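Colleague: So that we are looking at the same thing, I have put the structure below in structure tokens.
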Amino acid sequence: MERMPAHDDSVRVPAGAVLDRTISAQPPAAGRHSDWRTGLPVLTGSQVVLRELRASDAASLFTLLTTEEVARFISPPPSTVEGFERFIEWTLRQRTAGTYACFAVTLKGFNTAIGIFQVRETEPGFQTAEWGFAIGSAFWGTGVFEDGANLVLGFAFETLEWIKRVELAALASDTWGCEVRPNETEPGINQPWHWITIPIMGMTMGEIFYLKDLAEDCAADGVYEFMFVAPAIPITGAVGSPTNPLAIK
């Protein structure tokens with residue numbers, strides 16, 4: 001079975017990439033599912049719409065994800081349109097089994113798949129998981145990745161249930177905020193994920209972490225475990241502060 005591998009999120013984005021808006025199709029269908037195992041929700045951002053993969057996506061994914069620019073960052077993708085069709089069938093079976101989710105990336109107002117985002121469990125019940133992506137090089141540097149990544153990493157508000165279940169002590173993100181944007185709440189409620197995780201769950205959360213140097217060091221010595229220390233500025237009554245983060249091996 002040919003399968004698309006997870007893409008390392010350290011992909012290098014070249015400067016000067018041009019957004020190709022010549023791809024045309026029908027507008028994406030709307031709607032959400034409460035249980036993603038029966039069908040992935042449609043996630044809408046400022047530029048992109050993420051939806052379930054379809055067999056008809058095989059041709060565009062083959063065209064966009066087998067180019068040298070993209071293929072050098074991922075394990076070998078399927079070598080034929082038929083191979084992508086088998087990959088899409090596999091993703092649907094894994095989604096039904098509750099072990100894997102793969103979204104097609106489309107531009108708002110179009111329905112052609114220009115890439116994928118995927119989340120897979122690495123321990124039963126998604127105790128731990130990994131995510132990955134692959135996007136056609138014509139769309140690098142356009143904000144498509146950032147918009148889609150915010151949607152996938154949030155995967156809506158339901159992540160809070162998983163955080164409580166695994167008793168997560170802390171988390172850190174290399175994005176500006178650990179939220180789905182735009183917020184999936186009624187008007188007037190801003191950054192709802194923060195409302196639950198910080199004051200109610202008492203979880204320590206870090207944002208805007210620069211991880212490139214750490215990732216390169218771990219790749220160089222093969223050691224990915226370390227003690228992490230990030231003392232904050234002692235401000236009475238504060239709920240946030242700059243830190244002095246240290247990864248000690």
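Colleague: Using alpha-carbon positions, what is the distance between the centroids of the stretch 208-225 and the stretch 79-111, in Å?
Modeller: Centre-to-centre distance over Cα atoms comes out at 30 Å.
Colleague: Fewest first, what order do ARG181, ARG51, ARG93 take by the number of other Cβ atoms within 10 Å?
Modeller: Starting with the residue having the fewest Cβ neighbours, the order is ARG93, ARG181, ARG51.
Colleague: Taking the Cα centroid of the stretch 52-66 and of the stretch 165-179, what is the distance between the two, rounded to the nearest whole Å?
Modeller: 32
Colleague: Still on this model: Of the listed peptides 197-210, 108-121, what is their order by residue-averaged count of other C-beta atoms within 10 Å, with the highest listed first?
Modeller: The peptides rank, most packed first, as 108-121, 197-210.
Colleague: Give the order of TYR100, TYR224 when sorted by the count of other beta carbons within 10 angstrom, beginning with the fewest.
Modeller: TYR224, TYR100
Colleague: If you don't mind, there's one more thing I want to ask. Among VAL48, VAL229, VAL152, what is the fewest-to-most ranking by other Cβ atoms within 10 Å?
Modeller: Least to most surrounded, the residues fall as VAL229, VAL152, VAL48.
Colleague: So how much slack lies between GLN191 and ARG54, counting 0.36 nm per residue of separation and subtracting their Cα-Cα distance, in nm?
Modeller: Full-extension gain reported as 46.1 nm.
Read the figures in this text as sums done on the coordinates, not as results from a lab. From a predicted model like this one, the values you see are computed outputs, not experimental measurements. Note that we place each Cβ from the backbone using ideal geometry, even for glycine, and neighbour counts take in every protein chain shown.
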